[in-house]
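Heads up, the thing below is written out as structure tokens.
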Amino acid sequence: MCGIVGYVGHRNCADVLVDALTKLEYRGYDSAGIAVFEKEEIKVCKSKGRLANLTQKMETEGKPNGVAGIGHTRWATHGEPSDLNSHPHSGDRVTIVHNGIIENYKRLKEFLISEGKEFKSETDTEVAAQLLDFYYRGDPVEAIVQTMHELEGSFALGIVFADFPDIVFAVRCESPLIVGVGENESFIASDVPAIIQYTKDYYLLEHDEIAVLTPYGTKIYDTHYNKLEKELKTADWDVDAIGKQGYAHFMLKEIHEQPEAIRKTIAPRITDGLPDLAECNITLDYLRSLDRIFIVACGTAMHAGIVGKYVMEKIARVPVIVDIASEFRYRDPILSEKDLVIIISQSGETADSKAAMELAQQRGAKTLAIVNAMGSSIARGADMLIYTHAGPEIAVASTKAYMVQIAVMYLFSFQLALAKGKISEDECRTLVKQLEETPDKIAEILEHKESTQQIAASLVAADSLLYIGRGLDYALSMEGSLKLKEISYIHSESYAAGELKHGTISLITEQMPVIAIATQQDLFDKTVSNIKEVKARGACVTLVCTEKHSVEEGVADFRFNLPEFYDLLMPMLAVVPLQLIAYYTSVLRGNDVDKPRNLAKSVTVE
Ligand code: F6R
């Protein structure tokens, strides 16, 4: 996955493109490049590595000067990160930037070589550029339509034709793309943050749509060259949402935004103290009819699903199966019309999660999407939809999106338990009230976060560590472990505390720190026994539990005290110190916290 942008208007195009790309760097940062019309000529400037390398290169070699062009930030799929494989890519008269994947590029490349075309890079993108060139006979839209009929896969393209110096063309096939509408200027971008400082108005391109952008407006066509009328959308957040606002990193800012994100997500779904998901198309009658639920997602979103499983099974007594989307889609799952498949996704564009949703639908199951990004593919494809309102999440490591995903898991579980008659209306009101208390409790934790820095300092030199817990704490430990490894690059595993002695305890030495989460009253003593087992073998232990829990001297080397709260809701509190420990460890190791190596925010390829 990559980020693409395009601009045509009255400003310095290179400046606009670079600025827009900085907002999309979360999508990939293996290389960056732009193509700008300088008078009648397309000038390309590109460089391996971060966007900063490109700006440096332009400072020394000169910045293209013009008012129309396209830009790209890359997460490498076809071909290693290198100057040559960096976008834009060109044919004779066409230059393009591309997000997504062209599946049949090998066959097309062979055909184009047989037609005399020469290739410079290993990318699938260059094939699209050469194919456009092959079909181009003077009418760009005609060439685009013909090319779209040939290309297989999911992709979004920004295109400039040498013969049309003040026009930017764009295409969407699955991969997300918007068209920004400004005053005497038009934009394309993979995501709204790229253009928000210029305009909040945009068109959301749909699958198989072509946009022709000029400073004075945009025409949108289908693949039969019919002109379409589109609804103009307006982003409901502003430029502040995409700035760091004084925080050292987006991740830290987003951790602090969690209380507000929970409030925004749950408040509209509570009526008269009870969960109200009717607006999301979820009725009590429908919930009553459910015998079984699947939750399918990737990474952090899948971890939110695991918390959901524990909660739903505990209070609604409905069996829940949690699957990794990339496994679910290929394991021939047994599904029927009676099943509900919940897809959780921050971006709403994750290829495996989307494919899992489509598979579930083909097999007759109903799908419910829990998605943060408005208008994304998963949001639009699902039968039922609950939006989370975390706002834009820029840091690659997800924090506030996870928090609101689990908030929705709770709300949904309460509604399910009520529908199933497992709790009374009064009990449900009490649970909802408790959920509404979480933002203040989290704010309290954030005010006393200093000790997470000391804990991070104790981990900074470790090569590997273990997270342990039982029940909901085990579910949470998976997210704690993922957060740490993805941004600190320290290997870590999460383990069910009771399972340690069946093999894994052999790893424990003085060099293997252990983070134990013990927030559940009924499991506390059992987890403490497991902590003593690792302590006896030399591990340095950090214990995350509540103030009220007392443990003997020497059981833990470090302790993070959470405020008193309800056991069922403890994951929403306990995840905060785990996020902070990961954050400070990464900072202490001098890593790029917001853009960890090899990763990108939105995984739109398999
Ligand atoms: C980790 C992280 C990823 C995502 C995963 C799914 O911090 O962010 O594990 O959770 O790639 O992404 P979405 O939620 O966009 O489907």
Below 16 Å, Cα to Cα, which aspartates and glutamates can LYS48 reach? Residues fewer than 8 away in the same chain don't count. GLU25, ASP30, GLU59, GLU61, GLU80, ASP83, GLU122
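DSSP loop (so not H, G, I, E, B), at most 15 other Cβ within 10 Å: list which trypsin sites (Lys or Arg not before Pro) in the stretch 100-133 pass both filters.
Details: sites: LYS106, ARG107, LYS109, LYS117, LYS120; in loops: LYS117, LYS120.
Passing sites in the stretch 100-133 are LYS120.
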Just to be sure I understand: of the beta bridges DSSP finds with both ends in the chain, what percent are antiparallel, rounded to 5? 65
Quick check: the distance between the Cα centres of the stretch 199-261 and the stretch 457-512, to the nearest angstrom? 39
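For the stretch 496-606, compute the orientation-averaged projected area of the C-alpha convex hull (one quarter of its surface), in nm². Numbers along the way, then the final one.
Values: hull surface 37.7 nm².
Projected area, direction-averaged: 9.4 nm².
The stretch 411-560: Rg/Rh from Cα coordinates, Kirkwood Rh?
Looking at the stretch 411-560, the ratio lands at 1.03.
Counting each DSSP H run of 4 or more residues in the chain as -39500 (n - 2.57), what helix-only mean residue ellipticity at 222 nm follows after dividing by all residues, to the nearest 500 deg cm²/dmol? The partial results should precede the final answer.
Details: 18 runs with 215 residues, N = 606.
Computed ellipticity for the chain at 222 nm equals -11000 deg cm²/dmol.
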Could you work out how far helix 351-362 tilts from the main Cα principal axis of the chain, as a 0 to 90 degree angle to the nearest 10? 80
How far is the Cα center of the stretch 86-135 from the Cα center of the stretch 20-84, in Å? 18
Neighbourhood charge, 15 Å Cβ-Cβ cut-off, centred on LYS230 and excluding it, Lys, Arg +1 and Asp, Glu -1: -2
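Please give the per residue accessible area of the chain, computed with a probe of 1.4 Å over protein heavy atoms only, in Å². Please report the intermediate quantities before stating the final value.
On the way: 22890 Å² over 606 residues.
The answer is 38 Å² per residue.
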Please work out, to two decimal places, the log10 of the ratio I(q)/I(0) at q = 0.12, 0.15 Å⁻¹ from a Debye calculation in which every Cα of the stretch 366-426 carries one identical scatterer. -0.37, -0.54
Say each of GLU425 and SER458 gets a label point 7 Å from the Cα, pointing the same way as Cα to Cβ; how far apart are those two points in nm? 5.0
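For the stretch 507-598, which whole-number percentage of the solvent-accessible area (1.4 Å probe, protein heavy atoms only) is attributable to carbon and sulfur atoms? All intermediate terms of the calculation are to be shown ahead of the outcome.
Values: 1650 of 3580 Å².
Here carbon and sulfur together make up 46 percent of the probe-accessible area.
So, R0 is 30 Å and r is the distance between the beta-carbons of ASP557 and LEU274; what FRET efficiency does that work out to, to 0.05? Before the final figure, lay out the partial values.
Details: r = 44 Å, r/R0 = 1.48.
Efficiency, rounded to the nearest 0.05: 0.10.
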Size of the stretch 377-498 as Cα extents on the principal axes (Å, biggest first): 50, 35, 33
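Can you give the percent of C-alpha pairs in the chain whose distance is more than 44 Å? Intermediate values should be presented prior to the final figure.
Working: 42373 of 183315 pairs.
The share of Cα pairs beyond 44 Å in the chain comes to 23 percent.
For a quick check of your reading of the filter: which trypsin sites (Lys or Arg not before Pro) in the stretch 276-369 sit in a DSSP loop and have no more than 12 other Cβ atoms within 10 Å?
On the way: sites: ARG288, ARG292, LYS309, LYS314, ARG317, ARG329, ARG331, LYS338, LYS354, ARG363, LYS366; in loops: ARG292, ARG317, ARG329, ARG331, LYS338, ARG363.
Qualifying residues, ordered by number: ARG317, ARG331, LYS338.
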Carbon and sulfur together cover what percent of the accessible area of the stretch 138-232 at a 1.4 Å probe radius? 42
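Counting other Cβ atoms within 10 Å of each Cβ, which GluC sites (Glu not before Pro) in the stretch 330-380 have at most 10 and sit in a DSSP loop?
Values: sites: GLU337, GLU349, GLU358; in loops: GLU337, GLU349.
The qualifying sites are GLU337.
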Under 10 Å, Cβ to Cβ, from ALA297 - net charge with Lys/Arg +1 and Asp/Glu -1: -2
Identify all lysines with a Cα-Cα distance to LYS433 below 23 Å; exclude those on the same chain that are fewer than 8 residues away in sequence. LYS264, LYS309, LYS314, LYS400, LYS420, LYS422, LYS441, LYS548
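Could you tell me the convex hull volume per residue, in Å³, taken over the Cα atoms of the stretch 51-102? Intermediate values should be presented prior to the final figure.
Numbers: hull volume 5.9 nm³, N = 52.
Each residue corresponds to 114 Å³ of Cα convex hull volume.
Could you pull out the longest piece of the chain with no exposed loop chymotrypsin sites (Phe, Trp or Tyr not before Pro) in it, calling a site exposed if DSSP puts it outside H, G, I, E, B and it has at most 12 other Cβ atoms within 10 Å?
No qualifying site falls inside 331-606, the longest such stretch.
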Taking R0 as 25 Å and r as the Cβ-Cβ distance between HIS502 and LYS532, the FRET efficiency 1/(1 + (r/R0)^6), rounded to the nearest 0.05, comes to 0.90
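The values are calculated or read from the model by the stated rules, or taken from the named source; none is laboratory data. For clarity, every value in this text was computed on a predicted model and none was experimentally measured. With ideal geometry, Cβ positions are generated from the backbone for all residues, glycine too; neighbour counts draw on all protein chains shown. When the accessible area is computed, the model is the full protein with side chains, heavy atoms only, and any ligands, DNA or RNA have been set aside. Shrake-Rupley method; radii C 1.70, N 1.55, O 1.52, S 1.80 Å.
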